[in-house]
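First up is the structure itself, then whatever we jot down about it.
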Amino acid sequence: MGKKYSFFFLLFTLFLSNFVASTLGKKQGDVLGKFYKAKQKNSAFYKSYYKAAGVENVELDKVILPQEGLKAKDWINKLPGQPPVKFQQYGGYVTVNQSAGRALYYYFTEAENSESLPLLLWLNGGPGCSSIAYGAMEELGPFRVNSDGKTLHRNRYAWNHAANVLFLESPAGVGFSYTNTSSDLNTTGDSRTANDNVVFLLNWLERFPEYKNRDFYISGESYAGHYVPQLAHAILQLNKFEKKTLINLKGIIIGNAVINDDTDTIGMYEYFASHALISDETYHDILNSCYDDNYNQSKCDEAAEITNKNLNNLDIYNIYYPLCKDGNLTKYPKTPTPLQIDPCSDKYIYAYMNRRDVQDALHANVTNLKYDWTSCSDSLFYDWKDSPATIIPLLKESLANGVRVWIFSGDTDGRVPVTSSKRSIQAMNLTVDQPWRSWLNGGEVGGYVETYKGGLTFATVRGAGHEVPSYEPARALSLISHFLSGTLGKKQSEVLGKIYNAKQDSAFGKNYYKAAAVENVELDKVIHPQEGLKEKDWIKKLPGQPPVKFQQYGGYVTVDESAGRALYYYFTEAENSKSLPLLLWLNGGPGCSSIAYGAMEEVGPFRANSDGKTLHRNHYAWNLVANVLFLECPTGVAFSYTNTSSDLNTTGDSRTVNDNVVFLLNWLERFPEYKNRDFYISGESYAGHYVPQLAHAILQHNKLEKKTLVNLKGIIIGNAVINDDTDIIGAYEYYASHALISDETFLDIKKYCFDKHYNKSNCNEAVAVLNNNLNHINIYNIYSPLCKDGNLTKYPKVPSPLVFEPCSDHYVHAYLNRRDVQDALHANVTNIKYDWESCSDPLFYNWKDSPATIIPLLTESLENGVRVWIFSGDIDGAVPVTSTKKSIKAMNLIVDQPYMALLVIWRRGKIVKIQTLIIKLNNYCFLVLTIKLDSIGGYVETYKGGLTFATVRGAGHEVPSYQPARALSLITHFLSGTLLPGNH
């Protein structure tokens, strides 16, 4: 086969054979991986083009058998544990080869208004996986199995709302389908599967003659990327040979589909790199060492092994989805969530489908299997006889014959990812008709769509994995409805976008940060008496607060007495406050509140309830591991104020950091017990400026005073603005690699929006296309739902500790505008005449200085022995992981510990694996933590000189909001200076 194909099989085999997690889609996807291993054993097996059995050899009178009375026998009255329904369902066998005794099992769910809707066939892949196990019971069927393994609940987004849906178990040997000729199981392949499927259809239509002239569509996913076009080919050829329409084929649709081996493979590794699952270096090693021109088996094997390790403990079929932690059946069914599939669903289905009463009701297992029914039949693919390297000619054949062809891709699948589908479509050399745009579902982006001349449509489904209807059922139903009809239809970071626009003023964006000269600061004039103020700042209890055992404080610190500038702070001590360090948290904007975001939505001890009156505990608050200080800066933000109105027009980075250091010096006088405590600074977004600038000011003050005024030990910044050039191009790269914009738009931006070939008109046009595509999406977490109803509720909704409420900012706004809350916080002493707001728009419009890069200050911190960590939530599109990686590369550091998966998760519930960490906090105190090491929390890479870069899997711009457990694990290891646990 040549080195190119050896590489292909090697890499598929290496990493797919090592996935050990039990999770939704694992079996179907793993079979696909094992299948590729089988493909390398037989070069004759690997054919460039599909060759079907000649339809002219099919004698219809011999393959179409009498079907009278069989429909009535196949009628299913009711399945065990089924809720009441108004549609009809059927199940049974159709013989496809009488002499061999081959029969295929089907399950058919009519629509309620069945006569007016088309017929849709669904096929699952593998090869060798069951369309009942996956399609019918986990994806698009009318029911889903409950956790008791005995009962069913309705799938509100079943596709029989839009069509009469037929599920087929093929080939023989899959699920309940069988053969009486055992050698059939050793001689199956693509060709026989397609031939048996078309014979099945011809007979089934005799059994259900009312569907003979009905519009017919074929759908499927994964390896059904072969089955579906091959069946279409057989139907077209049969209709042509018989000179009449035996099957009224109108369209085919395939999802996350195996199409073209070469592009499927390289697209997969491109996806791993662009989604921060492997390092850019590993990806480049694969490109440079695993292909014909520079093939190097040793280096290729090494790169594959690194990839392997990084993908352990991860559901590669939905890279952001949790693994199944406990698949045991429950006595009583768990309450199902309509829009969220239970990751242990395959366990419940296995139990349900192996019940004899269920099999009897389905008219299945007539051969009385001597073994358990399973969702995938391993034995089939090991002896699979034919599987072409590409299916592209058959897709083109369908298009040439007027068959509607759609390809869709769940964009969080890593198995046959969106990058693979895009590359395969590019290999078809089609001309774009309607360029890349978003399609909407429920008022927000359901995905993106591009159409091509000749009839092909490509659509992504946002937030969906390999089995699209499982993970995004509402979007999948919308997609299939449009396919059948032939149509398709203010936050912290918003401020960040405005500041970028303002920075177009060249005088505003400076290359380097210039701080106010510290030698001009006279400490005796800026540090004021603080006696008695700590006691006044003590907060007994906030309105609606649950009981706690830690102390909290809130109040003002004057930073410029003559101007009347004062900054507001909120401080939450840890329960064992004396033994833990002091951690300052800063939010960005610029102009956004650290109380609104940091304290109330991210790392603070409380979160506001939906009634806007009460609070609930954040189980992953950072005051579990530190004493956390939240600061509202600069003046003009939220509760911080100035008595000199011109201050609001003269604020910038330099003034902010100067006021922040004066704040700290005074605050430490007010809380003298923290003067010698280890001190760390943290923040996110535009605090990527604030944090290193404050570190710079502290280092300079300590140096000038020749003593330690502030005991700075480390800084940590998340999804941080660091370096304008790399931040910007990294964002565009992220949009393209995550299928939010087309490759063409990305190339236009690179070509026309940068100095060398700058063209204002073309650049503006490309940016306008980009902006249009990003409407109706939360760019700060590209897979998070939008807030649909921010109205307060009479009674608080039940909070979920690990799921962030998208309307939280509405609840925080209501809570912090209550006078009793402000009084309890000792806030709003100026009695502002307008509502408190989370971000102050007037500030950034007049922002005076913002350097183009903060890299020199990060380097300075490292050179002074300050611990520097940079982290990135990997589904943030505002300052994405690609931007951060590019900014770190611009620092020209040398890798110490290469990119690897980190395996930390804090979660309540059953522990799968545990590790006890004894973390040294100081010379006298150690923190003992028992944590779970069960699935990938993100990825980490360290550099010589002291920099650590870590991603947080499944987190958006505000990392602790979206992944609180992973964020707590991250900050714990940062404070202790210990390497995050991972696949070392």
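The values are calculated or read from the model by the stated rules, or taken from the named source; none is laboratory data. Note that this is a predicted model, so its numbers are computed, not measured. Backbone-built Cβ (ideal geometry, glycine too); neighbour counts: all protein chains shown. Ligands, DNA and RNA are stripped out before the accessible areas are found, and what is left, the full protein with its side chains, is counted by its heavy atoms. Shrake-Rupley method; radii C 1.70, N 1.55, O 1.52, S 1.80 Å.
Here are some notes:
- Length released on extending from Val548 to Asn576, taking residue separation times 0.36 nm less the Cα-Cα span: 8.8 nm
- Extension gain, Lys833 to Asn649, is 64.3 nm, computed as 0.36 nm per intervening residue step minus the present C-alpha separation.
- Ranked by how many other beta carbons lie within 10 Å on average, peptides 638-644, 773-779 from highest: 638-644, 773-779
- Highest-first arrangement of 575-583, 180-188, where packing means the average Cβ count within 10 Å: 575-583, 180-188
- Accessible surface of the chain [probe 1.4 Å, protein heavy atoms]: carbon and sulfur percent: 49 percent
- Placing a label point 7 Å from the Cα of Thr95 along the Cα-to-Cβ direction, the residues of the stretch 168-198 whose backbone N falls under 20 Å from that point are 169-174, 176-185, 193, 195-198.
- Antiparallel beta bridges, as assigned by DSSP with both residues in the chain, represent about 55 percent of the total such bridges.
- Shape class of the stretch 592-738 from the alpha-carbon gyration tensor: rounded, with the ratio a/c of largest to smallest axis under 1.5.
- The residues of the chain expose, per residue, 37 Å² of accessible area to a 1.4 Å probe.
- Using the Cβ-Cβ distance between Glu673 and Cys787 with R0 set to 25 Å, the FRET efficiency from 1/(1 + (r/R0)^6) comes to roughly 0.05.
- 25 Å Cα-Cα threshold exceeded, pairs from Lys78/Lys331; Lys347/Lys797; Lys751/Lys885; Lys707/Lys886; Lys347/Lys422; Lys750/Lys885: Lys347/Lys797; Lys707/Lys886; Lys347/Lys422
- In the chain, helices alone account for a calculated mean residue ellipticity at 222 nm of -9500 deg cm²/dmol, with every DSSP H run of four or more residues adding -39,500 (n - 2.57).
- Probe 1.4 Å - accessible area at Asp433, Å² to nearest ten: 80 Å²
- Rounded to two decimals, the Cα radius of gyration of the stretch 336-384 over 2.2 N^0.38 Å is 1.43.
- Along the axis of the charge dipole computed for the stretch 776-830 (Cβ charges of +1 for Lys and Arg, -1 for Asp and Glu, origin at the Cα centre), the listed residues Ser800, Leu825, Tyr783 are led at the positive end by Ser800.
- Ranked by the mean number of other Cβ atoms within 10 Å per residue, highest first, peptides 350-358, 837-845, 275-283 order as 275-283, 837-845, 350-358.
- Count Lys and Arg as plus one, Asp and Glu as minus one, and take only other residues whose Cβ is under 12 Å from that of Ala427; the net charge is then 0.
- For the stretch 141-300: Kirkwood Rh in Å [reciprocal of mean 1/r, alpha carbons]: 19.5 Å
- For the stretch 398-494, the Kirkwood radius over C-alpha pairs fed into Stokes-Einstein at 37 °C and 0.692 mPa s yields D = 234 µm² per second.
- The value of relative contact order for the stretch 360-463, using C-alpha pairs under 8 Å at least six residues apart, is 25 percent.
- Glu765 versus Leu339: modelled label distance in nm, points set 7 Å from Cα along the beta carbon direction: 3.7 nm
- Assuming charge only on the beta carbon of Lys and Arg (+1) and of Asp and Glu (-1), the dipole of the chain about its Cα centre is about 1600 debye to the nearest 20.
- Neighbours of Glu863 by Cβ distance under 14 Å: Lys/Arg scored +1, Asp/Glu scored -1, total +2.
- Electrostatic dipole magnitude of the stretch 99-222 [Cβ: Lys, Arg +1; Asp, Glu -1; Cα centre; debye, to 20]: 160 debye
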